[in-house]
Amino acid sequence: MGRHDHGVSMLFFTILLIAFSPALPALALKPSTKLSSTFSIASSGQINSNSVLVALLDSHYTELAELVEKALLLQTLEEAVGKHNITIFAPRNEALERQMDPEFKRFLLEPRNLKSLQMLVMFHVVPKRIGSEHWPSDESACSEHGTLWNDTVHLIVKGSGRKRLVDTAEILRPNDVVRPDGVIHGIERLLVPRSVEEDFNRRRSLRSIAAVIPEGAPEVDPRTHRLKKPASPSPAGSPPALPIYEAMAPGPSLAPAPAPGPGGPHHHFDGESQVKDFIHTLLHYGGYNEMADILVNLTSLATEMGRLVSEGYVITVLAPNDEAMAKLTTDQLSEPGAPEQIIYYHIIPEYQTEESMYNAVRRFGKVRYDTLRLPHKVVAQEADGSVKFGQGDGSAYLFDPDIYTDGRISVQGIDGVLFPPQETKVPEKKMTVKVATKPRRGKLQFPPQFKSLLFFFIDCQFLLYYTKNVIFPKSLIAVSDFTEFGF
């Protein structure tokens, strides 16, 4: 019985070995260190590990290899390598990382511009083998070669043949990677075909991004400080004529991103849909349900914010999370207008992102941002590698950066509710002032000699009266007797 089982096991193992024997050489291959190479090898049986395409994905031209994968061109390049030799002009990483226009890079990576990205990548691939010896020897000569996108590149030389160029890019590392089915030349910059450049300029035109300077100032009603109706026509996307505080509706207590297209009530921006979008983002993000509830149910701030954005203003919302909102007491929310006051203090009339605020506090230390709760400002400073708002126990850290950013509205999550500092009145000190007495007006002032003479005259009169009436009365001495003495 044991021998029978052993024989069946050996027979089953032999069948498995015969069945999987064609796959043993593939399993014996040494795996590459990069995922892109493994994907390239496994996706097509015609590509081997010594292919120029595998060498590109495993080389130091990582930025170009990343663009190839994002353009979904791996299968296309594999088919091209399987048919004929290819030549790849690979820009150095610095040209794609730091020297490329950020707006152009953002344009290439947008999903709707996939065709432009494919045109750009395939413009760097020529379906033939071109070595360094194939450049023309004379400066006046020029050789043209077609690319995979049915466009042409021009090979020229300058400086007595010492400098090789493909169009306007200099060849820095000729024959950098050489394989049996192709060659890679390192170039100094990115090659941009004219069709991609025209598409980028068309998307970046003033009409599409709505960034036109207003031709004239609109007329303002001096009584209400609001724009007169109907407002004077201005180009779509023009900056608002009034400060954001003048454009706000009266309440209980009553600063370079691409903007969305026109469609609002003033044909500038669709602010209501943008506010709805960022509130839905808060709900889907999780942890900010209380903030969304206050904006929609307890106050009419969502409508107010949508109207401001429609008129062209930009705002940054510091959104406290649910844990921070749960610490609010009923006394803080029960007063009339308290929810509005709290939210107004968390809205900055500028478009700020996590990167811009962190760079500001790193450079200037403390930064005071205006809020919609006049005249209070919120103080931001760097702390523990992040941005801290407020001071003391009432401070809050930037907890969830860039929850929502669309060029008009920026939402930054914080872990606390901010309150403006209390205004403490300094008691006034009573000052004791000594006032010098001044003589009253109209009182006669006499010199000392006159005073002594006056007192002498009064004494003489008193002595005369006393002598005539007391010492010598009239019954004893006649009045005529005193006339001799001059009385």
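Kindly list, by first and then second residue, each pair from a residue in region 277-297 that is assigned to a helix (DSSP H, G or I) to a residue that is of a type in the set (Val, Ile, Thr), limited to pairs with Cβ atoms under 6 Å and residues at least 6 apart or on different chains.
From region 277-297, the pairs are 278/409; 278/411; 285/403; 292/279.
(1) out of contact with any strand residue (DSSP E or B) (no Cβ under 8 Å at 6 or more places or on another chain); (2) within 27 Å of residue 116 (Cα to Cα); (3) among the acidic types (Asp, Glu): which one isn't true of residue 167, the others all being true?
Tallying (1) out of contact with any strand residue (DSSP E or B) (no Cβ under 8 Å at 6 or more places or on another chain); (2) within 27 Å of residue 116 (Cα to Cα); (3) among the acidic types (Asp, Glu), residue 167 fails exactly one: (1).
With the condition kept exactly as written, say whether any residue in region 135-143 is modelled with pLDDT of 85 or more, under 22 Å from residue 188 (Cβ atoms), among the aromatic types (Phe, Trp, Tyr) and touching a His at 6+ places or on another chain (Cβ under 9 Å).
No, region 135-143 has no match at all.
Here is a check on your reading of the model: is residue 121 within 21 Å of residue 80 (Cα to Cα), in a strand (DSSP E or B) and within 47 Å of the chain's Cα centre (by Cα)?
Working: within 21 Å of residue 80 (Cα to Cα): yes; in a strand (DSSP E or B): no; within 47 Å of the chain's Cα centre (by Cα): yes.
Here the answer is no, as residue 121 does not meet what is asked.
Between a first residue in region 94-106 that is over 18 Å from residue 71 (Cβ atoms) and a second residue that is aliphatic (A, V, I, L, M), which pairs have beta carbons less than 9 Å apart while being 6 or more apart in sequence or on different chains?
99/190
Working only within region 188-218, note down all residues that are among the basic types (Lys, Arg) and modelled with pLDDT under 60. Steps first, answer last, please.
Taking region 188-218 and keeping what is among the basic types (Lys, Arg), we get 189, 194, 202-204, 207.
Listed by number, the list holds a single entry, 207.
Please tell me if residue 66 is out of contact with any strand residue (DSSP E or B) (no Cβ under 8 Å at 6 or more places or on another chain), within 25 Å of residue 175 (Cβ to Cβ) and charged (D, E, K, R). Please lay out each step first, then the result.
Values: out of contact with any strand residue (DSSP E or B) (no Cβ under 8 Å at 6 or more places or on another chain): yes; within 25 Å of residue 175 (Cβ to Cβ): yes; charged (D, E, K, R): yes.
Answer is yes for this residue.
Please state which of the following conditions residue 26 fails to meet, knowing it meets all the rest: (1) within 30 Å of the chain's Cα centre (by Cα); (2) modelled with pLDDT under 75.
(1)
One residue is enough: does region 281-302 have a residue meeting the conditions of a type in the set (Phe, Trp, Tyr) and either modelled with pLDDT under 85 or open to solvent by 40 Å² or more (accessible area, probe 1.4 Å) (or both)? Even if it seems obvious, please write down each step before you answer.
Step one: filter region 281-302 for residues of a type in the set (Phe, Trp, Tyr), giving 285, 288.
Those still in the list that are either modelled with pLDDT under 85 or open to solvent by 40 Å² or more (accessible area, probe 1.4 Å) (or both) too: 285.
Yes: one or more hits.
Name the residues in region 128-140 that are within 17 Å of residue 177 (Cα to Cα), open to solvent by 40 Å² or more (accessible area, probe 1.4 Å) and part of a loop (DSSP other than H, G, I, E, B), would you?
Hits for region 128-140 are 128, 129.
Restricting to region 144-178, count the residues that are hydroxyl-bearing (Ser, Thr, Tyr), within 17 Å of residue 192 (Cβ to Cβ) and not in a strand (DSSP E or B).
Of the residues in region 144-178, the ones hydroxyl-bearing (Ser, Thr, Tyr) are 147, 152, 160, 168.
Next cut, within 17 Å of residue 192 (Cβ to Cβ) only: 147, 152, 168.
Adding the requirement that they be not in a strand (DSSP E or B) leaves 147, 168.
Summing the residues that are hydroxyl-bearing (Ser, Thr, Tyr), within 17 Å of residue 192 (Cβ to Cβ) and not in a strand (DSSP E or B) in region 144-178 gives 2.
Where in region 304-420 are there helices (runs of 4 or more DSSP H), lying fully within it, with 3 or more residues that are open to solvent by 60 Å² or more (accessible area, probe 1.4 Å)?
Details: elements: 322-325, 330-334, 338-344, 354-364.
Correct list: 330-334, 354-364.
Kindly indicate whether any position in region 53-72 is at pLDDT 85 or above, under 12 Å from residue 148 (Cβ atoms) and open to solvent by 10 Å² or more (accessible area, probe 1.4 Å).
Within region 53-72, none of the residues are at pLDDT 85 or above, under 12 Å from residue 148 (Cβ atoms) and open to solvent by 10 Å² or more (accessible area, probe 1.4 Å).
Output the qualifying pairs, or none if there are none: Cβ atoms under 7 angstrom, residues six or more apart or on different chains, first residue in region 158-172 and of a type in the set (A, V, I, L, M, F, W, C), second residue open to solvent by 30 Å² or more (accessible area, probe 1.4 Å).
If the second residue must be open to solvent by 30 Å² or more (accessible area, probe 1.4 Å), the pairs left are 165/156; 165/158; 169/188; 169/189; 171/164; 172/92; 172/188.
Taking the condition open to solvent by 10 Å² or more (accessible area, probe 1.4 Å), part of a helix (DSSP H, G or I) and within 24 Å of residue 175 (Cβ to Cβ), does residue 79 pass? Steps first, please.
On the way: open to solvent by 10 Å² or more (accessible area, probe 1.4 Å): yes; part of a helix (DSSP H, G or I): yes; within 24 Å of residue 175 (Cβ to Cβ): no.
It is false that residue 79 is open to solvent by 10 Å² or more (accessible area, probe 1.4 Å), part of a helix (DSSP H, G or I) and within 24 Å of residue 175 (Cβ to Cβ).
The values are calculated or read from the model by the stated rules, or taken from the named source; none is laboratory data. Small disclaimer: the values here were computed from a predicted structure and weren't measured. Cβ atoms come from the backbone with ideal geometry, glycine included; neighbour counts cover every protein chain shown. To get the accessible areas, we keep the full protein, side chains included, count just its heavy atoms, and leave off ligands, DNA and RNA. Shrake-Rupley method; radii C 1.70, N 1.55, O 1.52, S 1.80 Å.
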